[in-house]
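Derivation of every value follows stated rules applied to the coordinates shown; laboratory data play no part. In this text the structure is predicted, and so the values were computed from the model without any measurement. Methodologically, a virtual Cβ is constructed for each residue, glycine included, from the backbone with ideal geometry; neighbour enumeration extends over all protein chains shown.
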Amino acid sequence: MKIFCGIDWSEQHHEVALIDEAGTLLARCRITDEAAGHAQLLDLLAEHGDTSSQPIPVAIKTSRGLLVAALHTGRRQVFAINPLAVARYRDRHTVSRSKSDPGDALALALAHILRTDMHRHRPLPADSDKARAITVLARAQQDAVWNRQQIANQIRSLLREYYPAALDDFHTRKGGLSRPDARKVLTTAPTPEQAARLTLSQLRAALKRAGRSRNIDTDARQLHTLFRTPRPRQPAAVERATGQQLLALLIQLDAACQATDDLTTAVAEHLHTHPDAEILLSFPGLGPQLLTLNA
C-alpha cells in the first residue's frame, strides 16, 4: 500500500498528514521545528512503513530549511510544492476557505497532490552536499546583486531630486552608481555645493582612493567642469538634509557591493572544488555565475 505525506510548513510548528492511495487519512499531527519534532516526524513515517528501500514521498511548501534537510536523506523523494498550486488544488475540491477545516488543511491537500498528481511535480534533486553548498552561495550572490541594484536605484531617484550632475557622469558609465569611484566621489561631496568646491587635486585623490589608475586626470577635469556648471538647486537647508540621506544610502550601497564581491568570489572558489567543474566550465561562454544560477 502506497503512503503519501503532506507537511504544512510554518516558522513555529508544522502540520503533518498521511494518507493512503485511496485518500484515507491515516494520521495527522503537529510537530515543532526542533530536533524533537523532526524525530517525531521520522518516527511517524517509520510507523507507516517508511524504509530505506521504500521511503514515503513527502510534499512540503518550501525547498529549504532544517526540516527539509532532515527529510531529504537516503532515497526519500521530497517535493517542494508552490503555495499557489496548493491553493488552487484546494479550490478544486472545496468551496470552503477555512484553513482550520480538518478536511481541507493544507497538509492534507499536499498529501493529496502527491496521491493524484505526483507525476506532474519534480522532486528535489539528489545533489551532493558540495553541490547544495554551491547552490546556497549562488542564490545568496544573486540576492546580493538584486539588493545592490535596489539601493542604487534609490540613490538614483534621490540624485534626480537635487543632484542631477552626478547622474550625468556616473549613471551613464558601466556599473553606474555602484562603481567604486562613483561612491567615493559622492561620499566626498554629497551635495552640489560641496561638489562645486572640489579642486582638481581633490577629485584626483578621490578617484585614486577608489582604486582608479587610468584616465584619472581626464575624468577629474570632466567632473570638475560638470560640478561647476550652473544648474537649478534646492534651498541650502534642504540640500544639506538630502545630502545626509545620500550618505546613509551610500553606506548601505558600500556594504551591498562588498557582500556581492565576497559572495561572487566564494561561488567561484566553491565551484572549482566540484569534481565536474572542469567539464562544465569548458563549455564556451559558461562562467561560474551563469553556471551556478542556471543549475
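Data table
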item	result
Table column - 3J(HN,Hα) (Hz), the range 174-186, Karplus curve with 6.51, -1.76, 1.60, x for Gly and Pro	4, x, x, 6, 7, 4, x, 5, 5, 5, 5, 5, 5
The chain, helix-only ellipticity at 222 nm - DSSP H runs n ≥ 4, -39,500 (n - 2.57), divided by all residues, nearest 500	-18000 deg cm²/dmol
Formal net charge of residues neighbouring Ile19 (Cβ-Cβ distance under 12 Å; K, R +1; D, E -1)	+1
Computed over the range 138-295: relative contact order in percent, which uses C-alpha pairs under 8 Å that are six or more apart	33
Set of the range 149-176 residues, backbone N closer than 12 Å to the point 7 Å along the Cα-Cβ line of Val238	161-163
Difference of contour (0.36 nm per residue) and Cα-Cα distance, Thr62 to His272	72.8 nm
Karplus 3J(HN,Hα) series, Hz, for the range 207-224 with 6.51 cos²θ - 1.76 cosθ + 1.60 (x for Gly, Pro)	5, 5, 5, 7, x, 6, 9, 10, 6, 5, 5, 4, 5, 5, 5, 5, 5, 4
Spin-label pair Glu34/Ser157, simplified geometry with 7 Å Cα→Cβ offset, distance in nm	4.3
The chain: most fluctuating residue of Phe227, Phe170, Phe283 per GNM, C-alpha cutoff 10 Å	Phe283
Counted charge near Thr242, where neighbours are those whose Cβ lies closer than 15 Å (Asp, Glu -1; Lys, Arg +1)	+2
Calculated FRET efficiency for the pair His119/Gln252, C-beta based, R₀ 45 Å, to 0.05	0.45
Computed FRET value (nearest 0.05) for Leu84 with Arg139, which takes r as the C-beta separation and R₀ as 30 Å	0.90
Residues of type lysines that Lys208 reaches as a straight line, Cα spacing below 26 Å, ignoring anything fewer than 8 places off in the same chain	Lys174, Lys184
In order through the range 159-165: 3J(HN,Hα) via Karplus (6.51 cos²θ - 1.76 cosθ + 1.60), integer Hz, x for Gly, Pro	5, 4, 7, 8, 9, x, 4
Cβ-derived FRET efficiency at R0 45 Å, Leu280 paired with Met1, nearest 0.05	0.60
Relative contact order (percent, whole number), the chain, Cα cutoff 8 Å, 6+ residue spacing	16
